[in-house]
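Laboratory data are not the source of any read-out in this text; all were calculated from the coordinates shown. None of these values were measured; they are calculated from a predicted model. Counting neighbours? That spans all protein chains shown, and the Cβs are built from the backbone with ideal geometry, glycine included.
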Amino acid sequence: MSTYYDLYCNIAPQKGQLRVKGEVHIPITQPKFFFVLNRGLIWKDVSQRFAGEHHSVNLYRTDELEVPRIYNGELWAVEISTEKEENKQKQMIVDFEYTGQIHPPRKDSEVPMMGYIKSDFVELACYSAWYPVPLSMETYMSFQIALESPSDWIWDSNGESTGTETTGKISVWNWKQSRQVNDITIVGMPSHDAHIDSNSFFWGPRRMVSSHRVFDKHIHKLSGMLEEWLGPRGTKAPLRFVLTPRQHGGAYTRAGMVVVGGGYPTDLSSQNSVLQAMCHEVCHDWFCKASPLTYDNWIDEALAEFCSIHIVNDYVNENFLPTRITKTKEQLDEAGELPAIRDLVREKDESYAAFYFRGFLLLNKIAESVGDAEFRRVIGDFARICTQRDDITSDLFLDVIQKKLGNKSRKLIEKWLEYLGKGVPE
Ligand SMILES: [Zn+2]
């Protein structure tokens, strides 16, 4: 399912204000379209467009479905009446305008603040629901954005830049994303504060980036090694790490753009683990289409762990892999009793230990049983399949395993996916 957004945004960082006028093209497959919007944003105008004319649309707040905890916003629904002539189309176009501020998550929600508009930095992704975010994370999006802001600000987004125009104190930045992505992310900061270097993988406030420059030569090498193994990345966008002043919530990856709250530790003793954490995010460029709404997401996280740990092991040549396997076993034991991977979704707290730890150990178990080189070749083939598809499922992975490694390997994976309890199956 694909949804198209055309957004004209105005961000006033000094006032913490956002104004968006835009349209969304929604494929009509269900009688209602649910989406999430931050509670600090107020609708100004909403209508449905049909044959060039505006018609009223039934938009309302609702609690009929639960909003996943990762989204800081309220649930809205647009009702699609198929009786009406205009809705006999394949898609519906909704024009809207809203304005306001991004409110932090409610205190009792225990959800980290993942986005904000502040006078020294702006970070906006689906987590803060700064645009009408489809409730179904299986909806992929294409988009076009024009962003109006003070001309002394610099911006980046997970789209292809199509130019910037400046008139006096106002600049308009433009991006287009025609590939299917799962979010629209914008980051920005005052230019005088920004580290700008086209030879660096890092983007962010100068005070944060300077200590990260030591990683540039390593990332250059490691991303090349990953492409050699897994094939071309799933996006044509250049790889970059955006460091944001956000203190909580960690990192997320959007079409080549890795957004990292607070940056990485830069002491030498953590270097290998940091390189692995960076590679983990880069690996999502291949596997990210495994839905977080189903257990299929284990594929994305377990393979990101597996590929990043193996590639760093190749690179540093210092027993990194066996050390990580031992450590992961300990971490999994500490996590105690866990449900089966098959019975979890990303949102559940236990999914982290199950997908990352048990999932990583599972992949190593197969590598051990069929031989490391052989298994890595199969993962390379699978990664190439993933970048050519719109979705990735656990079943697709199992089919590839069965075809290339036989039924025994498939059965072993299935056993692990169904295993519940402490640690790993016997
Ligand atoms: Zn990950």
Cross-link reach from LYS408 to lysines, straight Cα distance under 16 Å and at least 8 residues apart if same chain, gives LYS365
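What percentage of all Cα-Cα pairs in region 2-194 are separated by more than 23 Å?
Values: 7951 of 18528 pairs.
Percentage above 23 Å: 43.
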Asserting the computed 222 nm helical MRE of the chain (DSSP H runs at least 4 long, -39500 (n - 2.57) per run, divided by residue count, to nearest 500) equals -9500 deg cm²/dmol
To the nearest 0.05, the calculated FRET efficiency linking ASP381 and ILE28 through their beta-carbon distance, R0 being 35 Å, is 0.40
Scaled by the rule-of-thumb 2.2 N^0.38 Å, the alpha carbon Rg for region 307-356 gives a ratio of 1.36
The extension gain from GLU330 to ASP399, computed as 0.36 nm times the residue separation minus the Cα-Cα distance, is 21.8 nm
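I want to verify the translational diffusion coefficient of region 202-422 in µm²/s; compute it with Stokes-Einstein, Rh as the Kirkwood radius over Cα pairs, at 25 °C and 0.890 mPa s.
138 µm²/s
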The FRET efficiency for ASP120 and ASP314, from their Cβ-Cβ distance with R0 = 51 Å and rounded to 0.05, is 0.85
FRET efficiency (ILE170, SER2; Cβ distance; R0 35 Å; to 0.05) is 0.60
Quick shape summary for the chain, equivalent ellipsoid via Cα gyration tensor, semi-axes whole Å in descending order, reads 37, 27, 19
Normalised per residue, the volume inside the convex hull of the alpha-carbon atoms of region 88-146 in Å³ amounts to 155 Å³
Taking a label point 7 Å from the Cα of GLU368 along Cα-to-Cβ, the residues of region 401-426 whose backbone nitrogen sits under 20 Å from it are 405-426
The whole-number value in µm²/s of the Stokes-Einstein translational diffusion coefficient for region 332-396, with Rh from the Kirkwood sum over alpha carbon pairs at 25 °C and 0.890 mPa s, is 182 µm²/s
In nm, the gap between the two label points placed 7 Å beyond Cα toward Cβ at SER269 and ARG69 is 3.2 nm
Sorted on mean Cβ neighbours within 10 Å (highest first), peptides 194-201, 392-399, 309-316, 39-46 come out as 309-316, 392-399, 39-46, 194-201
On each of the three principal axes the extent of the alpha-carbon atoms of region 128-286, given in whole Å and largest first, is 46, 38, 28
Given 152-160, 246-254, the highest-first ranking by average Cβ count within 10 Å works out to 152-160, 246-254
For the pair GLU110 and SER151, the simple spin-label estimate (label points 7 Å beyond Cα toward Cβ) gives in nm 5.0 nm
Site GLU160, offset 7 angstrom along Cα→Cβ, radius 18 Å on amide nitrogen, limited to region 1-44, gives 4-7
